[in-house]
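Written out below as structure tokens is the structure these notes cover.
The values are calculated or read from the model by the stated rules, or taken from the named source; none is laboratory data. The shown structure was predicted, so the numbers you read here are calculated from the model rather than taken from an experiment. Ideal geometry is used to build each Cβ from the backbone, glycine not excepted, and the neighbour counts take in all protein chains shown. When the accessible area is computed, the model is the full protein with side chains, heavy atoms only, and any ligands, DNA or RNA have been set aside. Shrake-Rupley method; radii C 1.70, N 1.55, O 1.52, S 1.80 Å.
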Amino acid sequence: MALAFHRAHFAVPVACLLLVGCVLPLALLLVFSFFEVDLDAFTMVPAFSGQSWSQIFTNPVFVFLIGKAVVSGAGTAVLATFVGYPIAISMTRLPALWKGIASIVLLTPLYTGEIVRIYAWRVVLGSEGLINAVLQWFGLVDEPLKFLLFSPFTTHLVLLYNNLPFMVLAIWISAELIDKRLIEAARDLGARPLDAFLKVILPLTTPGLAVGAFTVFALAAGDMMTPSLLGGTSGATPMAMIDNLFGTAFDWPLASALALSLLVVLFAFAIGFATVLLRLNGARAVFRRGLK
């Protein structure tokens, strides 16, 4: 009883922080979404109207933008999984010193601001950038490749680059917690390397995979700068629309409804994906062990 009270005592500051920093702003958005804008007085009035919500569900533009954010986040999470998983597993086999060096290299993209990284990619992928210059110097192309910049390809490449460290770190931590004796026992019992991976390593690293996928999905789906600066005509995002509605358009009720709709849809997709991953037997065992 005393231990439980002690833990609850430490949880109070965190709960207050979450209440003030997360719950209260979302509650305000919910309240604002039922307001109306008085353009004559340039203010909002508490009309308790559902007009903003009806626009979200009836206007195909908003539905398209939310769907686009979901597809972009899911696609980036899948790419990060296939690229990051081998990297994370390989890092577990490094000596301690090289693990530290690998983690520093892995986190290198996070040492600079997002704007710096975006403009660095514009220099690399531009018509007169490094890649096009090398291809033309070797005579592989006659003119610069236009699709390398201001296209969905560029957007997802940079989203992958920006968010890959989160996927690798999550899987790496899970892989480090695996009891190596389980893998040795599987091999002693005649399991092939592929069988040992599918039946031991993959299920036990699924919690990390779920955390990494959840993180990458949320960050990529909610990214506004990368699509806007690298996506060209395909760079429209719900975040840019929300920013415009809160700012220039001064339609806070519609912006609030769009923001909450996007949040609910992204959260539902992320929870669904994580639930599917955590249904694996090994993942459930790791999760139950963590709760004890």
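Measuring from centroid to centroid over Cα atoms, what is the spacing of the stretch 147-201 and the stretch 35-89 in Å? If we compute the Cα centre of each part, the gap is 30 Å. Between V78 and A27, residue separation times 0.36 nm minus the direct Cα-Cα distance comes to 15.1 nm. For the stretch 157-209, the mean projected area of the C-alpha convex hull, equal to one quarter of the hull surface, is 4.0 nm². Dipole magnitude for the stretch 174-286: computed about the Cα centre from +1 point charges on Lys and Arg Cβ and -1 point charges on Asp and Glu Cβ, it is near 480 debye. Overall, the chain carries a charge dipole of about 1540 debye about its Cα centre when +1 sits on the Cβ of Lys and Arg and -1 on the Cβ of Asp and Glu, all other atoms neutral.
Computed per residue of the chain from DSSP H runs no shorter than four, each worth -39500 (n - 2.57), the mean residue ellipticity at 222 nm is -23000 deg cm²/dmol. The residue list S261, S33, P86 was ranked by how far each Cα lies along the charge dipole of the chain toward its positive end, using unit charges on Cβ atoms, and P86 comes out on top.
Here the stretch 54-180 is described by how far its Cα atoms reach on the three principal axes: 54, 51, 26 Å, from widest to narrowest.
Result for the chain in a Gaussian network model with C-alpha springs under 10 Å: among L182, L79, L260, the largest mean-square fluctuation is at L182.
For Rg and Dmax of the Cα atoms in Å, the value calculated from this model appears in (i) 23.4, 79; (ii) 20.8, 71; (iii) 26.2, 101 under label (i). Accessible surface for the chain, divided over its residues, is 59 Å² per residue with a 1.4 Å probe.
Among P46, P109, P238, the largest mean-square fluctuation in a Gaussian network model of the chain (Cα springs under 10 Å) belongs to P46. Spin-label pair T248-S234: with each label point 7 Å from Cα along the Cα-Cβ axis, the two points sit 2.4 nm from one another. Distance between the pseudo-spin-label points of D38 and W137 (7 Å out from Cα toward the beta carbon): 6.6 nm.
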